[in-house]
Structures are given as C-alpha cells and as structure tokens.
1. Apply 1/(1 + (r/R0)^6) to the Cβ-Cβ distance of A:VAL249 and A:VAL275, taking R0 = 22 Å, and write down the FRET efficiency to the nearest 0.05.
2. What three numbers, in Å, describe the spread of the alpha carbons of segment A:186-249 along their principal axes, ordered from the longest?
3. A:LEU37 versus A:LEU179, label points 7 Å from Cα toward the beta carbon: distance in nm?
4. Given a Förster radius of 41 Å and the C-beta distance between B:ALA15 and A:TRP207 as r, what FRET efficiency does 1/(1 + (r/R0)^6) yield to the nearest 0.05?
5. Can you pull the one-decimal nm distance between simple spin-label points at A:SER122 and A:ILE4, each 7 Å off the Cα toward Cβ?
6. What distance in nm separates the simple spin-label points at A:ILE165 and B:THR76, each placed 7 Å from Cα in the Cβ direction?
7. Stokes-Einstein at 20 °C, 1.002 mPa s, Kirkwood radius from Cα pairs: D for chain A in µm² s⁻¹?
8. At 0.36 nm per residue, and after removing the present C-alpha to C-alpha distance, how many nm does the segment from B:GLU123 to B:THR172 gain when stretched out fully?
Amino acid sequence: MRLIRDVRTHIRRSPYQAMAAVLTMFLTFLVGSVFFLATVASLTIISYFESKPQLTVFFVQNAGEKEATLLKETLDQTGKVASTKFISKDEALATYKEQNKNDPLLLEMVTADILPASLEVSAKDPTFLSELDTVIVGATGVDEVIYQRDVVDSLLSWTNAIRLIGGILGGLLVLDSLLIIGTVIAMKIALKREEIEILTLVGATSWTIRAPFILEGGLYGVMGAGVASFLVTILILWQRYNIVTFLGVIPSIQSVLGSSTSVVFILSCLGFIVVNMIVGFIIGSLGSVIALARYLRD
Amino acid sequence: MIEFFSVSKLYPGNAPGIVDVSVKIPDGEFVFLIGPSGSGKTTFLRLLIRDLLPTQGNIMIDDIPVGSLTANTVYTLRRKIGIVFQDFKLLTDRTVYENVALVSEILGKAHGEIEHGVMNVLELVGLADKRNHFPMQLSAGEMQRAAIARAIVGGPKILLADEPTGNLDPETAAGIWDILDEIHGLGTTVLIATHNQDAVNKMRKRTLTLEHGALISDEAKGKYHVGRHDKHDHKGGGSK
C-alpha cells in the first residue's frame, strides 16, 4: 500500500516530468510496434511463398495447349510433380481484365494474342524445383520460367530493409526512453534526498527505498506502451479488411485477421498489448535502475 | 548491551573523531554523552548506527558486530535503534501522524497495528491532538516531540538523541527531558549527546565525557562541569 501511495505521490507532484516520460515511451512503442508488425507480416509472407514449391512456365506466342500438354506429360514422368494447371491465352486475358477492371485504359490495348499461355507447376518438394527446371528449359515452346524464389528474394530484401531501419530507429528510441526516464527519476531522487536519508536512518531496507522509483519508471513504460499498442490495435482493426483482401491468401494472416470477433483475433490483440506493456515495464524499470545506480549509491 | 572496544575514528587529514574509546553500556541504562563541540559526541552516535565505520577497534550491539554489517544489512541494526536529531528531520510534506507511522510502515506492520502504535506514542509525547498537523504548523518543541515519537514507535531497544534540546527554550526542553526519562522508564536504553548542563546536573545519570575524541571520564552519577567542556576548539564531527 505504501509503495503504491508513494508512486502515486511521486507522479502527482511532477506531472510534466511524468508526461514527458510517458510520451517518450509512447513514441518508442508506436514506432517499434509498427516496424515489428511489418517485419512479422513480411516474414509470414516469405514463409508462405517458401513453403510453395511452385514455378510458372510461360510459352512463346505461337505455342499453346499442345506444347503444355507435352511438357505436362514429361514432368509427370519424373514423379516429382504434385500438380499442374494450364492457363490459356484467353484465361490469362480474363484474369488480367478482372485485376484491372477499374482501369479501362489498361484494358483497351490488351488482347489475348499478346498474353502468353502458361503452365503452373507445383513440385512435391522445393528441392525438386532445380531438377524440374532442367526438364522445362529443354522443352519445346518454353519462353520463360518464373520461380516463387524470385518473389521471396525480393520480399526478403524489403524485410531486411524494414528490419534494419526498424532496428536502428527502435534502438535509438529505446535508448532515448532509458535516458528520459533515467533523468526524470534522477530529478526525483535529488528532490527526495532528505526523505531517503531519513528512511535509511530509521531502518528502511535498500529495496524499500528503491522500489517506489523502480515501480514509477516501470509504470511510465506500462502507460506509454499500453496506449501505443492500443492505438496500433485500433489501426489494425480499421485496416483489417484491406489487409485481408490483399494478403488473405496466406492462411496464417487469414486465420488471425479473418474475423474481428474471432477468439484468435481477440487473443492476438490482447497478447500484443500485454506483451508490449510487459516490455514497457522492463524498459521503464531499467531506466530507473540506471538512475538509482548512478545517483543513489550505498 | 553496547560495547566499544578501543574504537578510534579518524577523519581525512587525521582529524580525530574519537580516539581509543572503550566503554560498555548495559541494557536499560540512561547515559549522557557530554563534551565540548568537536569532542566526538556526534561521531560516537554515528558510529553506533553505522553511519560511519571506525578506523580501528570494534563496536558490538547485542552481539552484532556493527562493523561487519553491509549497506544491505545495516537496517537490521537500525531497527533496534531510535534516533532523535537536533534538527528533527521530519518530512515537511507529511502530517505528524504520517511522519510517525513511516517507521511502522517500513517495519511492515498491519494498518490497525500502525494506528494503535502511533496513537500510543503520540499520547506519550502529548501530540495526539495535533496528529493531522504538518511540521510547519508546529512549534520547535512540538516538532522535537514528534521526532521522539517517530524514534520510539518501532519499539527500539536503544534510543539515541543528538542535542535533542539544542534548539529549544529551557521550559520546552524540560518537557523533552521528562519524555526521555519516561521512555527510559519503559526499559529503553537511552543515550543522549548534549550540552544541556541543567538536565545533566538535575537528572544525575551515568555521564561519559569526551574531550578531543578521548573518553576522559565515566561517572555513574555525573555532573556537567561548567567551563571544563566548552572552552575547547572545534574539530572533527561536530554536533548537528
């Protein structure tokens, strides 16, 4: 009880310092959360594509179903193909039209003739792709082979960039938070120097004296992280439909964001907020511990 | 039992705090510590609560070697000792009740027990009716009584007071001496560093006299010898 009362008094008596500390933690966790979620999403997408041993074979203009059927039979004989699907020029055009139905300008110039027919090939295992590639490249009428690996590599470079920028920015913000909280707590230690001396003389333990400061720093962290992660959760909820439309093909994203009332979604949001608050408490407390080590030596 | 075994404390520059002091103070005794400013009285008290460490010698309190306590374990000693300062050291942003209750809270006592204990000691020092006053609303004598209440609320075995009447008029000081005598009557060992010759001469208790840090006399029913103690220069840890 005394501990909570002391912390409340500390905060109430210097509200602007408290606000500065909470705001710093808020910014740290807002930026940190956004970069963290972007990284997680990228890694999920990469993992999805990596788990799909697929390649797409595009045929030259004058080739079509005949060449595709021939290739399919050759591939089936290897025993390493799980499934194949032929996409004719007309089907390719239909898909193109569906994807660009809101942009008539893009539809005007395109006919089935300029779109290549293709064969989507799924291997039984990603390691078979290179062997299948040898077979495909030697087949008649093949123009180009596109691997999911190319998509993964592209995503990976984006993810690495996000991680690097997020890591540097997050690290700087955490350092900033530690310094701000450390400074706020150091000022409070200076203000309470006489009280600390009295407490020491009347038999207070080292922990009794330090605990209110550590808890106060932790509380700043909890408040900043709590508000930031709540705001990020609201943003996710707001953009949930767009995210699902764009990335819903990925099962793990669909299972979490598919429904805003599902248990998985609610637990994920709560887990995100609680974990952020715990990390906030740790960072805030650490700031206090640093200040105590510096300004309240035994 | 408080025991000093050839204890010396030298300050930086070899200024003597106390020099080769050996003394035993049994439980329940009332002892005056007298001597001129700079004679080592405050050093003696600060060594007892391990606010200072001796340069040589050992101090034992109830078989606890004071010098062996660390910053993390010194609270075990300080919970046995109540301290009264000349400048009161009350927290100005807390009421009399809250100042006194602080010690009980630190000791982890239950709310009801704290309230009962605090009201008892406030009755003893005559401040029950001013429990909700802040220190700034009290006279010097009342502040000192509040400080005494805080020192004894945890039920310490030993009460130390450093010039408890140094800032008080004679009439108020007399009231403080009465309270300290009453606390002694409850079985507490009382050790008081003072310049108040009237009190020393009137109460006729055991008196330890320090001069230049050395213990020059230990009288069972001592008296304060006028002129003998106050004509020396000031060196070392003077009274607060």
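Values in this text are rule-based calculations from the coordinates and carry no lab data. All values reported here derive from a predicted model rather than from experimental measurement. Note that each Cβ is placed from the backbone with ideal geometry, even for glycine, and that neighbours are counted across all protein chains shown.
1. FRET efficiency, A:VAL249 to A:VAL275: 0.20.
2. 66, 19, 12
3. About 2.9 nm separates the two model spin labels.
4. With R0 = 41 Å, the Cβ-Cβ based efficiency is 0.70.
5. 5.6 nm
6. About 5.8 nm separates the two model spin labels.
7. It diffuses with D of about 90 µm²/s by this estimate.
8. Numbers: separation 49, 0.36 × 49 = 17.64 nm, distance 1.70 nm.
Contour length minus Cα-Cα distance gives 15.9 nm.
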